[in-house]
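S.K.: Right, I'll just put the structure down here and ask away after.
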Amino acid sequence: MQLELSKKEFRRLLDLVYIGNWILNSTRGDDRIADYDQVESKLFALCRENGMPSLVERWNGEDVPSRAFSDGGIHEAIADYEDTVFYEILAEELARRDMDYQPVSNENYDALVSRMDDYIAEFEAHGTDNISIPTMDE
């Protein structure tokens with residue numbers, strides 16, 4: 001397979017591959033999906049011949065994203081995504097709880113979304129400061 005990319009496109013592809021592998025493997029411990037690690041390694045190895053040697057390093061005989069790459073802001077993008085997903089899931093779970101976990105239907109969809117929007121607005125204004133679990137405060 002042949003793929004033609006500009007230097008900028010290749011750099012963006014590295015970001016996408018790193019983020020994807022992070023999502024798939026970062027919480028798996030020793031049960032990592034090796035196929036994704038191998039693809040990541042293969043792409044990052046190409047950094048040396050494409051004028052980006054500082055983005056790759058060898059670790060345990062494998063080419064991996066370098067410390068310079070991983071410290072270069074990519075984790076801020078991942079953290080922003082994780083925060084958004086966290087608050088969206090929390091808002092949906094709280095809204096569904098408020099509605100007694102009724103199955104989502106055409107009849108209650110707008111009410112669910114409205115409650116979710118209210119929770120999201122609260123989280124945007126105050127984060128989790130106003131969330132409490134009374135049994136844990138004892």
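The values are calculated or read from the model by the stated rules, or taken from the named source; none is laboratory data. Predicted model, so just to flag it, every value in this text is computed and none were measured. Cβ sites come from the backbone with ideal geometry, for glycine too, and all protein chains shown count toward neighbours.
S.K.: Give me the pairs: first residue in region 47-65 and of a type in the set (Val, Ile, Thr), second residue at pLDDT below 95, beta-carbon distance under 7 Å, and six or more apart or on different chains, which are they?
M.R.: Qualifying pairs under 7 Å: none.
S.K.: Name the residues in region 1-59 that are acidic (Asp, Glu), under 26 Å from TYR81 (Cα atoms) and outside any loop (DSSP other than H, G, I, E, B), would you?
M.R.: GLU9, ASP15, ASP35, ASP37, GLU40
S.K.: A further question on this structure: In region 73-103, how many are more than 16 Å from the chain's Cα centre (by Cα) and without any contact (Cβ under 8 Å) to a residue 12 or more places away in the chain?
M.R.: Of the residues in region 73-103, 6 are more than 16 Å from the chain's Cα centre (by Cα) and without any contact (Cβ under 8 Å) to a residue 12 or more places away in the chain.
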